[in-house]
Amino acid sequence: MLKLFRNLEKRDYFIMLVVATLVVFSVFLDLRMPDYMSKITMLVQTEDSTMKEILNAGGHMVLCAILSLLCTVSVGFFTSLLSARFSKMMRRKIFEKVESFGITEIKKFSTSSLITRTTNDVTQIESLLAMGLQMLIKSPVMAIWALLKIVGKSGELSLVTGIGVVIIVATNLLIISIVSPRFIKIQKLTDKINGVTRENITGIRVVHAFNAEEFEQNRFDGVNEDLTQIHLKITKTFALMDPVMNFVMHFQHLGIYVVGAYLILHSGMMDKITIFSNMVVFASYGIQVIFSFLMLTMIFMIYPRAKVSAERLNEVLDSDISVKSGTFSGDTKEKGTVEFKNVSFRYPDADEYLLKNISFKVKQGETIAFIGSTGSGKSTLINLVPRLYDATDGEVLVDGVNVKEYDLKALNNKIGYIPQTAFMFNGTVYDNVSYGDNGREKPTLEKVKEAIQVAQGKDFVEKMDDQYQAHIARGGTNVSGGQKQRLSIARAIARDPEIYIFDDSFSALDYQTDAKLRSELKKYTANATSMIVAQRIGTIMNADKIIVLDKGECVGIGTHSELLKKCEVYKEIALSQLSEEELQNA
């Protein structure tokens, strides 16, 4: 918990100091009122006292009450300000940390869990700050101060107050020991319920298509019921606190008057006034002590869950980044060259290598393609270039420099990456194609139009309402798969990168559109390097160099005609898609 609070700014610490000062002053005022009450009691029973003295003491009580009210309102304002600032700062830090995650870190935390941590977990700590800060300062100060004021006045009345305090502390410790482990389960089940909900909404088309509404409802009900039951158990446990507190508060009050009455009954006339005055003071201060522990009880209700949330947030913030940025600015003599030197790769939690001893070099203006069966490592191989993963062994060089030495922004500015699954952001066509920062000026509308035309998307974009300012829904749910792929390709083209990476980016296109796009792309990117992963022979047969992968190993490298003659794996793939006559005429 304290580790998170180290992120606070100097201004926030100043606010905390102001809050602490106001709380202590408020406690001082609250504890002065019983003193004035005792004074009034003594004055009423003193024969030579005047009404002016009584009204003067009463006026001081009213002034203390008003000032205490003003302090309480001010403390509420400042704690709300502090908690809101902390919440804003923490969400920003979590988001920035997640933005720096590589794929390895993203897989460690589920999407639903990261959403819960950024929202619900931060809210738990915000609540602790908003409610707990003033209570955490006020309750111990008030309890200790009140006890110091009554200790030594009467041993019998002090014993009554002490018994009440012991009962409350024992009850709190018992209840906290029961509920603390359950708060961990609550946050994990909150992750789970977010995950089920998110999955159901994202896959709603599949749910409807397979009439799986009842199945999904039952799945949600199961998780929801588990979460509800734990909440009920915690609420029922905390419900014991209220009756215990009321019992202790009222019976302590009653006990003070009973013991006080007994002492008055068995004391002399001169001591009766002092005992009665002490009894009034003990009744007032006893309530203050019990109220202090009542406030601590509220903190005990908030703190365990906030503590769990703090640990979950620290888990994200303390995560080590596997792909760390280098310092090289990207200024090189070579342009558009990519070289793999004896590269092998395995996932961090895997025992076997997915890629084994891959070596090749592609120069500026050349096109290199990768083909192989599903799971042969094609996508993983090209993902090593933009450092979505880092090679386990060997070197990946871009323009003659190891990619690990590059500043990540400088490396990304050299690359136009089109992922396997095209993703569209909520915004316009222009927003999606001009997306990102490539170290240069944002692409103009004319540049976006040109990129879309090369990507063979002009026809469908100009048929849309508002054309290039037409709205695209999050995930591109209002356009087809082929249209998303073409816009995704246009996004990379608009960057004018040195290196294009196409990760099976033509799969949703028909053969005619695929052929036109590749033809236009070849002309437009004549001075750029293209790396293409594809399943279709027709997509890659004109590449300058084709690498055939099988079980993570390079089993063939060459042109289309060369591989047909010397690589059996490539020939089998080719014959499974085209006839021998079509291959000969290709």
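General remarks:
- Each label was represented as a point 7 Å from its Cα along the Cα-to-Cβ direction; for Ser158 and Asp437 these points are 6.6 nm apart.
- Debye intensity ratio I(q)/I(0), log10, the chain, q values 0.08, 0.09, 0.10, 0.12 Å⁻¹ (C-alpha model): -0.75, -0.86, -0.97, -1.23
- Dimensions (Å) - segment 324-425, Cα atoms, principal axes, largest first: 36, 33, 28
- Extension gain from Asp544 to Thr374, taking 0.36 nm per residue of separation minus the Cα-Cα distance: 58.9 nm
- Where labels lie 7 Å past Cα in the beta-carbon direction, separation of Lys324 and Asp221 in nm: 5.2 nm
- The lysines within cross-link reach of Lys516, meaning a Cα-to-Cα straight distance under 26 Å and a gap of 8 or more places when in the same chain, are Lys363, Lys378, Lys414, Lys447, Lys449, Lys458, Lys463, Lys484, Lys545, Lys571.
- The angle between the Cα long axis of helix 445-454 and the longest principal axis of the Cα atoms of the chain comes to about 50 degrees, rounded to the nearest 10.
- Using alpha-carbon coordinates, inclination of helix 241-265 to the longest axis of the chain, degrees: 20 degrees
- Based on Cα contacts under 8 Å between residues 6+ apart, segment 2-317 shows a relative contact order of 31 percent.
- Most simply put, the chain has about 50% antiparallel DSSP beta bridges, counting only bridges with both residues inside it.
- In this simple spin-label model, placing a label point 7 Å from the Cα along the Cα-to-Cβ direction at both Thr228 and Asp510 gives a separation of 5.1 nm.
- Cut-off under 5 Å, modelled amide H: who pairs with Asn402 long-range: none
- Values of log10 I(q)/I(0), in the order q = 0.11 Å⁻¹, for segment 68-194 under a Debye, Cα-only, solvent-free model: -0.64
- The local environment of Val401, defined by Cβ-Cβ distances under 13 Å, has a net charge of -2 under the rule Lys, Arg +1 and Asp, Glu -1.
- For the chain, averaging the sequence separation of C-alpha pairs within contact (under 8 Å, six or more residues apart) and dividing by the residue count gives a relative contact order of 14 percent.
- Per-residue 3J(HN,Hα) values for segment 523-530, derived from phi via the Karplus relation 6.51 cos²θ - 1.76 cosθ + 1.60 with θ = phi - 60°, read 5, 5, 10, 4, 9, 10, 8, 10 Hz in sequence order (x marks Gly and Pro).
- Directionally averaged shadow of segment 310-378, computed from the convex hull of its alpha-carbon atoms, nm²: 8.1 nm²
- Computed over the chain, the per-residue total of -39500 (n - 2.57) for DSSP H runs of n ≥ 4 gives a 222 nm mean residue ellipticity of -21000 deg cm²/dmol, rounded to 500.
- Helix 133-150 axis, angle to the chain major axis (alpha carbon atoms, nearest 10°): 20 degrees
- Counting only Cβ charges, +1 for Lys and Arg and -1 for Asp and Glu, the dipole size of the chain around its Cα centre is about 1000 debye.
- Each residue of segment 322-333 was assigned a 3J(HN,Hα) from its phi angle through the Karplus curve 6.51 cos²θ - 1.76 cosθ + 1.60 (θ = phi - 60°); the sequence is 6, 9, 9, 5, x, 10, 5, 7, x, 7, 9, 6 Hz, with glycine and proline shown as x.
- The calculated Kirkwood hydrodynamic radius for segment 94-140 is 12.5 Å, given to one decimal from all distinct C-alpha pairs.
- For segment 397-484, dividing the convex hull volume of the Cα atoms by the residue count gives 116 Å³ per residue.
- Note on Arg205/Ser180: beta-carbon distance plugged into 1/(1 + (r/R0)^6) with R0 of 51 Å gives a FRET efficiency of 0.75.
- Once the chain from Gln420 to His60 is taken as fully extended at 0.36 nm per residue, the excess over their C-alpha distance is 122.0 nm.
- With q set to 0.10, 0.15 Å⁻¹, the log10 of I(q)/I(0) for segment 2-317, from the Debye formula over equal scatterers at the Cα positions, is -0.74, -1.22.
- Just so you know, the Cα atoms of segment 120-240 work out to an Rg and Dmax of 23.1, 79 Å.
- In order along segment 391-406, phi translates into HN-Hα couplings of 4, 6, 10, x, 10, 10, 10, 10, 6, x, 10, 4, 4, 5, 8, 6 Hz, rounded to whole numbers, per the Karplus curve 6.51 cos²θ - 1.76 cosθ + 1.60 with θ = phi - 60° and x for Gly and Pro.
- Annotation: aspartates and glutamates with alpha-carbon distance below 19 angstrom to Lys52 (same-chain offsets under eight excluded): Asp35.
- What the Cα convex hull of segment 169-265 gives, in volume per residue, is 88 Å³.
- For Gly427, residues with placed amide H under 5 Å, excluding near neighbours: Ile472
- When peptides 484-493, 308-317, 558-567, 452-461 are sorted by average Cβ neighbour count within 10 Å, with the highest value leading, the order is 484-493, 452-461, 308-317, 558-567.
Read the figures in this text as sums done on the coordinates, not as results from a lab. All figures in this text were calculated on a predicted structure; none of them were measured in a lab. Using ideal geometry, Cβ is built from the backbone for each residue, glycine included, and neighbour counts are taken over all protein chains shown.
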